[in-house]
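Presented below is the structure to which this report refers.
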Amino acid sequence: MTGLKEMEKMEELVIGIDLCDTYTKICCFEEEKAWTVPTVICKKKETDQWFVGKEAYGLMLTGTGVMVDKLVSLASKGGTATIEGVCYSAGELLERFLEKVLEFPKREYGAEKIAQLAVALSRVDSAVIDALLKCADALKLPRQRLHIISHTEGFVYYAMSQKKEVWATQVGLFDLSDEGLFYYELKAQRGIRGMVVQAEGRPMEESFNLDILENASGARMADRILCSCGERLLQKKLFSAVFLTGKGFEKLDWADNFRKFLCSKRKVYGESELFARGAAYYAADFKRPKTAYPFACICEGRLKATVAMAVRQKEREIQLVMASAGDSWYDARSSVEVIAEGQDYVDLTITPLDVKKKRTVRIPLEGFPDRPDRTTRLGVSVGFLDENTMAVAIEDKGFGELFPATDAVVRREVRM
């Protein structure tokens, strides 16, 4: 049985990637081995050979290659890089980089096919998402097999994949890397409509460069900074677990006081590839006939409120949901056609988890033609520019041959 299971896993890979400007971490679902690669790519001069990570640095140091770094930021800005007179888009460079790093698990497990791939980003950015989707096309990976999540969501899926006692109350996470110091917090709670997991993450103002850990005085200062953050963030709350991740926490011999503070009445775990492993857990769920995570996830990259429109159906008023709390903002889009009945506006109800903050947004049908009641068909489309901004478009669709459609349209951006 074991041999058959291993053979099945080797045929198709389920991969999680933590993609940042300074580093990229890659792992496969239920496999211990992981790879950490600096997020740089280098073209060897006068050849068509490309190298990533440490090999790229080696070529640059010997003057035999041209290197490009900060690939995620470059993609976010839609930037380009000119190498030996050729202009490469950020997307092209990211594609070459991903192709190279995906070779690591493919070679290790003797598999070429990727069943599911999830990429965790420190910040979910539409330009980077677009670039990654184009990378999937170029790498011949069907788009439905690529999933893009935030670090916060990677943390959610990692924590919720552990035993229940780990996430029974609140869970904290400190991430210390070359990218800075970040803190994340997660809480799972049961509501009327099932379990909801809320999580948020933010950079710490007290962040410091990892270089200061190389001398004793700098390490002591870093320890004091972490203790100050820990006391402020954790002291008055009950935590079932606290996780540590990132290059800065690979060793803790420099942070005696912080370690003692954390381990006082708390369970503390270290996981250097936490976001990549969380992404792998997330990716693996798409292979299951039924999700292993029956909860609504409210975090960065996900909508924090439900958007609905009141419509009449068979003489009964119902709330037509256009987008639900927990949906990915990038994928959340819907369009419906309705007939205006005695009103020259459209009302959208925005309901966050705290229903006391429920509100209605009224959009007047300015510039629409005057017609008899029930003779105007409206096309209502809802999409999102980010998790906090909804884009609404309402078009005049007319009403058959009697009342042809016009070019009347109302567009609004609504803060969620």
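Overview of values
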| item | result |
| --- | --- |
| Restricting the range 389-404 to residues that are open to solvent by 60 Å² or more (accessible area, probe 1.4 Å) and touching a strand residue (DSSP E or B) at 6+ places or on another chain (Cβ under 8 Å), the residue that is nearest to Arg123 (Cα to Cα) | Glu395 |
| Residue within the range 286-293 that is surrounded by 22 or more Cβ atoms within 10 Å (Cβ to Cβ) and on the phi < 0 side of the Ramachandran plot present | no |
| Tally, over the range 75-91, of residues that are more than 18 Å from Thr64 (Cβ to Cβ), of a type in the set (A, V, I, L, M, F, W, C) and either part of a strand (DSSP E or B) or in contact with a Lys or Arg (Cβ under 6 Å, 6 or more places away or on another chain) (or both) | 1 |
| Conditions (1) within 28 Å of Ile15 (Cβ to Cβ); (2) at pLDDT 95 or above; number of the one not met by Asn257 | (1) |
| Criterion: part of a helix (DSSP H, G or I) and either on the phi > 0 side of the Ramachandran plot or surrounded by fewer than 18 Cβ atoms within 10 Å (Cβ to Cβ) (or both) - qualifying residue of Lys260, Lys265, Lys251 | Lys260 |
| Scan of the range 165-209 for residues that are farther than 21 Å from Asp354 by Cα, small (Gly, Ala, Ser) and in contact with a helix residue (DSSP H, G or I) (Cβ under 9 Å, 6 or more places away or on another chain), ordered by number | Gly172, Ser177, Ser207 |
| Residue list for the range 107-128, restricted to those being at pLDDT 95 or above, open to solvent by 10 Å² or more (accessible area, probe 1.4 Å) and of a type in the set (Val, Ile, Thr) | Ile114 |
| Gly270 being loosely packed, with under 15 Cβ neighbours inside 10 Å, within 25 Å of Lys25 (Cβ to Cβ) and modelled with pLDDT of 95 or more | yes |
| Unique match (being hydrophobic (A, V, I, L, M, F, W, C) and open to solvent by 10 Å² or more (accessible area, probe 1.4 Å)) among Phe104, Phe97 | Phe104 |
| For Thr152: the one exception among (1) of a type in the set (Ser, Thr, Tyr); (2) open to solvent by 10 Å² or more (accessible area, probe 1.4 Å); (3) more than 30 Å from Lys43 (Cβ to Cβ); (4) out of contact with any Leu (no Cβ under 7 Å at 6 or more places or on another chain) | (2) |
| Inter-residue pairs, beta-carbon under 9 Å, first in contact (Cβ under 8 Å) with a residue 12 or more places away in the chain and assigned to a loop (DSSP other than H, G, I, E, B) and in the range 301-316, second open to solvent by 30 Å² or more (accessible area, probe 1.4 Å) and hydrophobic (A, V, I, L, M, F, W, C), 6+ apart | Gly301/Ile148; Leu303/Met416; Lys304/Leu353; Lys304/Met416 |
| Complete set of residues in the range 334-357 that are touching a residue at least 24 places away in the same chain (Cβ under 8 Å), among the hydroxyl-bearing types (Ser, Thr, Tyr) and within 17 Å of Glu317 (Cα to Cα) | Thr349 |
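Yes or no, residue by residue, for (1) free of Cβ contacts under 8 Å to residues at least 24 places away in the same chain; (2) open to solvent by 30 Å² or more (accessible area, probe 1.4 Å):
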position: Lys25; (1), (2): no, no
position: Val37; (1), (2): no, no
position: Val40; (1), (2): no, no
position: Lys45; (1), (2): no, yes
position: Gln49; (1), (2): yes, yes
position: Gly63; (1), (2): yes, yes
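The values are calculated or read from the model by the stated rules, or taken from the named source; none is laboratory data. Treat the numbers as computed from the prediction; the structure is a model and nothing was measured. Reconstructed Cβ throughout: ideal geometry from the backbone, glycine too, with neighbour counts over all protein chains shown. What goes into the accessible areas is simple: the full protein's heavy atoms, side chains included, and nothing from ligands, DNA or RNA. Shrake-Rupley method; radii C 1.70, N 1.55, O 1.52, S 1.80 Å.
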